[in-house]
Amino acid sequence: MPELKNYYITTPIYYVNDAPHIGHAYTTLACDVLARFKRLDGYNVNFLTGTDEHGQKVEKSAAAAGKDPQTFTDEVSQNFRDLLGAMNFSNDDFIRTTEARHTKAAQAIWKALEEAGDIYLDNYAGWYSVRDEAFYSEDELVKGADGKKLAPTGAEVEWVEEPSYFFRLSAWGDKLLAFYDANPDFILPETRRNEVVSFVRGGLRDLSVSRTSFNWGVPVPGNEDHIMYVWLDALTNYITAVDYPDTNSEKYQIFWPADVHMVGKDILRFHAVYWPAFLMAAGLEAPKRVFAHGWWTNEGEKISKSTGNAIDPLDLIAEFGLDQVRYFLMREVPFGNDGDYSRTAMIQRTNADLANDFGNLSQRVLSMVFKNCDAAIPAPQAFTDEDNTMLQQSYDLLDKLRTEYDRQGIHRALEAQWRVVAEANRYVDAQAPWGLKKTDPERMGTVLYVLAEVIRNLAILAQPIVPGSAAKILDQLQQSEEARGFDTIGASGALVAGTPLDKPEPVFPRFVEPD
Ligand code: MSP
């Protein structure tokens, strides 16, 4: 039996207190790219995203909007669903924590933790930040400009005293450290891993996992005065979606543990400390990887609701085009680092990398084939060393990309691919096929064949990033749907001479500033 290749990747589930902005689109985009890459590489993929609908923060936002929480969450959750289509995201499932399947899973994990002896009832007296939905100890707080106590994230905190169930997190420190040791790539990038390890080494306190001062959430089984802490509720979504508590289900069997939980750096601790501790305590396996990406600023400014400078991905798409936005977000900033959105950089990437480098390469080569080779792929003569080197570079790219994508090095994969684009442009200039038309038409045919074949490979490999545009190039090359997977990369899938070509249309237009 061939080995089953499965891949389960998740985005964080988004709070429905606000409209989606570029930060949300970014996290899901990275997952979309990885999910598409794996599908094309023959994996059975489960790509999950969704909305985090419980908790005090959402309850307050609903009240501020004058709506009951369910109506409010229905509306805002829909905005996140709409973004999926607008960004061409290929998620396989969309989870809402208000769904019955999720309540069932959240209550089941609670019971498993309780049965394991890891939950006890006590009183909580301490600081809570509604914006972060997080508890803070006194020594973590910082002083704001007016001397007011703030969370280390800058969020407001309030003093809370109420009966609360606790999870014995303090008992899990050593086991977590042993787990990080045994799984050195569990947290990426490495600098983030080091931060988490030193946090856990510093000692863990038991975690309050229920609240009694509001109602909007999953009731604690057996004591309905308590609502489950929204992070315990939310994290469980990753196993709800693979049928937990039915651990015998096929979905659970093939997809759990997840391959990648993609998160922003602000929520790494919840995913890399609390979540594996909950899972291990419940007798379940921890995920294989948590990758923490950085944060975007807007023209140097922190994106915030109060300054109203959030970038709406729909506006960017309307102005620059979808694939241009997808490419920019994945290429501009090394994945894992913080990054700044600037209009100048957006235009630069659109015009230099896409319109000039990849777009022109494909447009000028396919136009030459169309005009000079009777609108069909020419039959090549024997390849020269230069031809073979050029072809081989495009064939070798797949293995490089696999290595990079397996560590979520999306920007490095793009750099590698665009190096081959640059090589192909140098090859066109060096071989100057336009000059061969009269002197050596057969050689011209060979050069154009090599180039069209390189473009085929480049377009196939570009599909995860710029799916619409790559599809247009593959359409022009008359490649069927079945001929677009990574199994066709290389000589075995090479273009067949005589294949008719559609009239090439430019795929990556230049951006010109309106007057
Ligand atoms: N609901 C929690 C996640 C629960 S997962 C079990 C949450 N939601 S969120 O809507 O506030 O944030 C979701 C994601 O968006 C986070 O990964 C966060 O890092 C990301 N971003 C929000 N603003 C961002 C930027 N300005 N830049 C990049 N990503 C940012 O946290």
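Couple of notes before you dig in:
- Candidates Thr71, His24, Leu177 compared by Cα position along the dipole of the chain: farthest toward the positive end lies His24, with charges placed on Cβ.
- Charge context of Pro380, other residues only, Cβ under 14 angstrom, K/R +1, D/E -1: -3
- Of the peptides 504-511, 114-121, the ranking by mean beta-carbon count within 10 Å, highest at the top, reads 504-511, 114-121.
- Of interest is the spacing of the C-alpha centroids, which for segment 428-483 and segment 134-160 amounts to 58 Å.
- The residues neighbouring Leu150, those whose beta-carbon lies less than 14 Å from its own, together hold a net charge of -3 under the Lys/Arg +1, Asp/Glu -1 convention.
- Å² of accessible area per residue within segment 354-493, as computed with a 1.4 Å probe and no ligands counted: 40 Å²
- Given +1 at the Cβ of Lys and Arg, -1 at the Cβ of Asp and Glu and no other charges, the dipole of segment 354-493 around its Cα centre is 360 debye to the nearest 20.
- Cβ-based net charge around Val325, under 14 Å, with every Lys or Arg adding one and every Asp or Glu removing one: -3
- When you work out D = kT/(6 pi eta Rh) for the chain at 20 °C and 1.002 mPa s, using the Kirkwood radius from C-alpha pairs as Rh and the Stokes-Einstein form, the result is 85 µm²/s.
- Peptides 177-186, 373-382 ranked from most to least packed by the mean count of surrounding Cβ atoms within 10 Å: 373-382, 177-186.
- Each of Trp110, Val333, Ser198 was scored by the projection of its Cα onto the charge dipole of the chain, and the greatest displacement toward the positive side belongs to Val333; charges sit on the C-beta of Lys, Arg, Asp and Glu.
- Percent RCO, i.e. relative contact order, over segment 354-493, from Cα pairs under 8 Å lying at least 6 residues apart: 32 percent
- Computed about the Cα centre, the dipole magnitude for the chain is approximately 840 debye when only Lys and Arg (+1) and Asp and Glu (-1) carry charge, each at its Cβ.
- Percent carbon-and-sulfur accessible area, the chain, ignoring ligands, DNA and RNA, probe 1.4 Å: 49 percent
- Which of Tyr14, Pro467, Pro506, positive extreme of dipole for the chain (C-beta unit charges): Pro506
- Ranked by the mean number of other Cβ atoms within 10 Å per residue, highest first, peptides 156-166, 235-245 order as 235-245, 156-166.
- Angle between the chain longest axis and helix 173-182 axis [Cα atoms, degrees, rounded to 10]: 20 degrees
- Couplings for segment 296-302, taken from phi via the Karplus curve 6.51 cos²θ - 1.76 cosθ + 1.60 with θ = phi - 60°, read 8, 10, 10, 6, x, 9, 4 Hz in order; Gly and Pro are left as x.
- 1.4 Å probe accessible area per residue over segment 1-96, in Å²: 35 Å²
- Residue-level accessible surface for Glu299, protein heavy atoms, 1.4 Å, Å²: 100 Å²
- Summarised as an ellipsoid, segment 6-294 has semi-axes of 27, 23, 20 Å, derived from the eigenvalues of the Cα gyration tensor scaled by 5 and square-rooted, with the largest first.
The values are calculated or read from the model by the stated rules, or taken from the named source; none is laboratory data. Predicted model, so just to flag it, every value in this text is computed and none were measured. Glycine also receives a Cβ, built like all others from the backbone with ideal geometry; neighbour counts cover every protein chain displayed. Side chains included, ligands, DNA and RNA excluded: accessible areas come from the protein's heavy atoms. Shrake-Rupley method; radii C 1.70, N 1.55, O 1.52, S 1.80 Å.
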